[in-house]
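Chemist: The structure is given below, and queries will be raised subsequently.
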Amino acid sequence: MSTEVIPHNTFDTILVLDNGSQYTHLITRRLREINVYSEMLPCTQKLADLTWKPKGVILSGGPYSVYEKDAPHIDPAFFELGVPILGICYGLQEIAHRLHADNVVAGTAREYGHADLQATRFGGHVDKLFEGLEDAMTVWMSHGDKLCNLPEGFHTIGTTKNSEYAAIAHKTEPVYGIQFHPEVTHTPQGGQLLKNFAVGICGASQNWTMSEFIGQEIKRIRDLVGPQGQVLGAVSGGVDSTVAAKLMTEAIGDRFHAVLVDNGCMRLNECALVKKVLQDQLGINLTVVDASEEFLAGLKGESDPEKKRKFIGGKFIDVFEAEAKKIEAQNNGKVEFFLQGTLYPDVIESISFKGPSQTIKTHHNVGGIAERLMAGHGLKLIEPLRELFKDEVRELGRQMNISAELVGRHPFPGPGLAIRVLGEVTKEKVEMARKADNIFISMIREAGLYDDIGQAYAALDPSRAVGVMGDKRVYANIILLRAISTRDFMTATPYPFSYEFLTKVSTRIVNEVDGVCRVCYDFTSKPPGTIEME
Ligand code: GLN
């Protein structure tokens, strides 16, 4: 690890070792929800390379079978560490398999879905892992392999109809294994079970709160940047960059320089709004660079979506670099750091275990800006949100008095309206998309629907559609409305507006936006559709 001050000094940490399950990150989330700090690392992690000591270790599920040749195995040193261990599914099988290779076999019946677990009673008591839970609980299973022997030194603490060893525990050491997944919502008491493990068995303190985090993160930033250091960061008006910028400002004041680049494809009054909120209300040292003409000139004649995105990304870096130089000149001091709003899901994505055959993908959530700035200017990255999930970022924003409206804002793409004008982008088309979007979003807000919707916008399809306006035949543009319901933006369904609401929106757009004669609502789910149009 780099120079980073690590959170494990302040927060007891439950380490989750990822064996490649699609639910591993949920274990971390469930623990954070009960204010226990948790981090995930790949199952290939060597204990000797870990610079901190976890309070407990959870071994996740995974797609492999423990007895396969290529199956991943946990560094045995974790079992000697003397902290409690909980194996989930593959993790349970790993615990059993390491003690004896014959303990795990391919099951005859796969078990996917609900099962009823019965906690075993010992002299009237259930095991500590099931304390406070109902004896008979619904659990969720997803496995093909099974334990055929109870590993030596263990006893059964819970059974289901199909799994004699659905939950086991070592008789004298705090080592547990469960065949079901407590981290998914289909296991209703799973959160309590994880709490029993983390708090009851590991003794982890529940001090992970955003108010605790602010204090320690400000200290970390100050240590890292030093008494003179300057930090540069791009802001967009979105939640992540605003929260990160506010945190930097709390830590180092005006030595943090926020830059907002107007690319000519912003929403209606967006620059003015960002300026008002970030500069006036939040006291962030902000420079707004109007590069709209340059962006629009470069987009002229380009209708390929990928090329449009590429141009915008590249131009953004040019403008940002030029601004960085100006700021350095004014301050007579070197800018050493570049702020990046990386969130924990990006980190998880880059470190999660994907098996020996797959290369691990590195993340870059700002389209190569960081790479270029780091290479060209020797800038170092500072990522104050890299330990946080999105809901934690929002909570952090609230703690720093950022308005509920900003904290709850829908995501907005980096290239802005340029990818919501299909095909070639011109100033006039952006203007139409912008006006239509403003009408749509303000009507959504007035109807009180904004917070129910994951993301909503209006896009412009410049195909010429025929219409009759004022008795005259016209050929004009089409506005496409999109609004989705989603939990995680990975899948989405169209938001079920009333017919009446859509009619009202459509009427206003056609009446108020010159050059538009039709309005359509996009009914496509994701998949197969994406959230954005281009
Ligand atoms: N691959 C293993 C099995 O099928 C473990 C599955 C899991 O961890 N969900 O039993």
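Read-outs throughout are calculated quantities, based only on the coordinates presented, and are distinct from any laboratory measurement. Worth saying up front: this structure is predicted, and the values here are computed from it rather than measured. So basically every Cβ, Gly included, is an ideal-geometry build from the backbone, and we count neighbours across all protein chains shown.
Chemist: Kindly express, to the nearest 10 degrees and within the range 0 to 90, the angle between helix 390-399's C-alpha long axis and the longest C-alpha principal axis of the chain.
Modeler: Roughly 70 degrees between the two axes.
Chemist: Then there is this: If the viscosity is 0.692 mPa s and the temperature 37 °C, what translational diffusion coefficient in µm²/s does Stokes-Einstein give for region 67-210 when Rh comes from Kirkwood over Cα pairs?
Modeler: Working: Rh = 15.6 Å.
Translational diffusion coefficient: 211 µm²/s.
Chemist: By what distance, in whole Å, do the Cα atoms of region 436-480 stretch along each of the three principal axes, largest value first?
Modeler: Taking the Cα atoms of region 436-480, the three principal extents are 40, 20, 12 Å.
Chemist: Further, regarding this structure: Magnitude of the Cβ-charge dipole of the chain, K/R +1 and D/E -1, about the Cα centre, nearest 20 debye? Don't skip to the end; give the middle numbers.
Modeler: Numbers: 56 positive and 68 negative charges, 175 e Å.
Here the size comes out at about 840 debye.
Chemist: For region 160-280, count all C-alpha to C-alpha pairs, find those more than 22 Å apart, and express that count as a whole percent of the total. Provide the component values of the computation, followed by the final result.
Modeler: On the way: 4378 of 7260 pairs.
Distances greater than 22 Å cover 60 percent of the Cα pairs.
Chemist: Please state, to two decimals, what the Cα-based radius of gyration of region 1-117 comes to when divided by 2.2 N^0.38 Å (N = residues).
Modeler: Values: Rg = 15.2 Å, N = 117, 2.2 N^0.38 = 13.4 Å.
Scaled against compact globular proteins, the figure is 1.13.
Chemist: Lysines near Lys354 by alpha-carbon distance under 22 Å, same-chain residues fewer than 8 away left out - which ones?
Modeler: Lys46, Lys69
Chemist: Let me ask you something else. Which residues' amide hydrogens lie under 5 Å from the amide hydrogen of Ser236, considering only partners 5 or more residues apart or on another chain, with H built in the peptide plane?
Modeler: Ser241, Thr242
Chemist: Using label points projected 7 Å from each Cα along Cα→Cβ, tell me how many nm separate Ala48 and His114, to one decimal.
Modeler: With each label placed 7 Å out from Cα toward Cβ, I get 4.9 nm.
Chemist: Quick one: 3J(HN,Hα) in Hz for region 57-69, Karplus 6.51/-1.76/1.60 with θ = phi - 60°, rounded, Gly and Pro as x.
Modeler: 10, 10, 9, 7, x, x, x, 7, 10, 4, 8, 6, 4
Chemist: Same structure, new question: Wrap a convex hull around the Cα atoms of region 393-534, take a quarter of its surface area, and give that in square nanometres. Don't jump to the answer; show the numbers that get you there.
Modeler: Details: hull surface 37.8 nm².
Projected over every direction and averaged, the Cα hull of region 393-534 covers 9.5 nm².
Chemist: Another question, then. Which peptide among 6-18, 40-52 comes first, and what is the full order, when sorted by highest mean count of other Cβ atoms within 10 Å? Write out the running numbers ahead of the final one.
Modeler: On the way: 6-18: 21.6, 40-52: 14.8.
Highest-to-lowest ranking by the protection proxy: 6-18, 40-52.
Chemist: Another question about this same structure. Size of the dipole of region 62-156 about the Cα centre, Lys and Arg at +1 and Asp and Glu at -1 on the beta carbon, nothing else charged, in debye to 20? Before the final figure, lay out the partial values.
Modeler: On the way: 6 positive and 14 negative charges, 19 e Å.
The calculated dipole for region 62-156 is roughly 100 debye.
Chemist: Is there a quick way to get the dipole size of region 135-238? I mean about its Cα centre, with the Cβ of Lys and Arg at +1 and of Asp and Glu at -1; what is the value in debye to the nearest 20? Write down the numbers at each step before the final one.
Modeler: On the way: 7 positive and 9 negative charges, 43 e Å.
Result for region 135-238 is approximately 200 debye, rounded to the nearest 20.
Chemist: Under the rule of -39500 (n - 2.57) per DSSP H run of 4 or more residues, summed and divided by the residues of the chain, what mean residue ellipticity at 222 nm is obtained, to the nearest 500 deg cm²/dmol? Mind dumping the intermediate values first?
Modeler: Details: 15 runs with 165 residues, N = 534.
Result for the chain, helices only: -9500 deg cm²/dmol.
Chemist: Could you give the distance between the Cα centres of region 510-534 and region 460-483, to the whole Å?
Modeler: So the two Cα centres are separated by 12 Å.
Chemist: Then there is this: Projected onto the charge dipole of the chain (+1 at Lys/Arg Cβ, -1 at Asp/Glu Cβ, origin at the Cα centre), which of Thr120, Ala433, Val274 gives the Cα projection farthest towards the positive end?
Modeler: Ala433
Chemist: Select from Ala291, Gly229, Gly56 the residue farthest towards the positive end of the dipole of the chain; place +1 on Cβ of Lys and Arg, -1 on Cβ of Asp and Glu, and compute about the Cα centre.
Modeler: So the residue we want is Ala291.
Chemist: Taking the chain as the reference, fit the longest principal axis to its C-alpha atoms, fit the long axis of helix 210-225 to the helix C-alpha atoms, and give the angle between the two in degrees, 0 to 90, nearest 10.
Modeler: 70 degrees
Chemist: OK, next. Scattering from the C-alpha atoms of the chain alone, worked out with Debye: what is log10 I(q)/I(0) at q = 0.07, 0.08, 0.10 1/Å?
Modeler: -0.50, -0.64, -0.92
Chemist: Arrange the following residues from fewest to most other Cβ atoms within 10 Å of their Cβ: Thr249, Thr426. Don't skip to the answer; put the middle values down first.
Modeler: Details: Thr249 21, Thr426 15.
In increasing order of surrounding Cβ atoms, one gets Thr426, Thr249.
Chemist: On to the next question. For the pair Thr209 and Glu131, how long in nm is the line joining their label points, each one 7 Å along Cα→Cβ?
Modeler: 2.3 nm
Chemist: Would you mind ranking Asp437, Asp75, Asp127 by Cβ crowding within 10 Å, fewest neighbours first? All intermediate terms of the calculation are to be shown ahead of the outcome.
Modeler: Working: Asp437 23, Asp75 17, Asp127 20.
Ascending Cβ contact count within 10 Å gives the list Asp75, Asp127, Asp437.
Chemist: Still on this structure, I have one more. For region 216-310, what D do you get in µm² per second when you plug the Kirkwood radius from alpha-carbon pairs into Stokes-Einstein at 4 °C and 1.567 mPa s? Provide the component values of the computation, followed by the final result.
Modeler: Numbers: Rh = 14.7 Å.
The Stokes-Einstein estimate is 88 µm²/s.
Chemist: Run the reach check for Lys334 against lysines, Cα to Cα strictly under 26 Å, same-chain hits fewer than 8 apart removed. What comes back?
Modeler: Result set, ordered by chain and number: Lys219, Lys246, Lys275, Lys315, Lys325, Lys326, Lys380.
Chemist: Contact order normalised by length for the chain, with contacts defined as Cα pairs under 8 Å and 6 or more residues apart; what percent is it?
Modeler: On the way: 1002 pairs, mean separation 56.1, N = 534.
Reported relative contact order: 11 percent.
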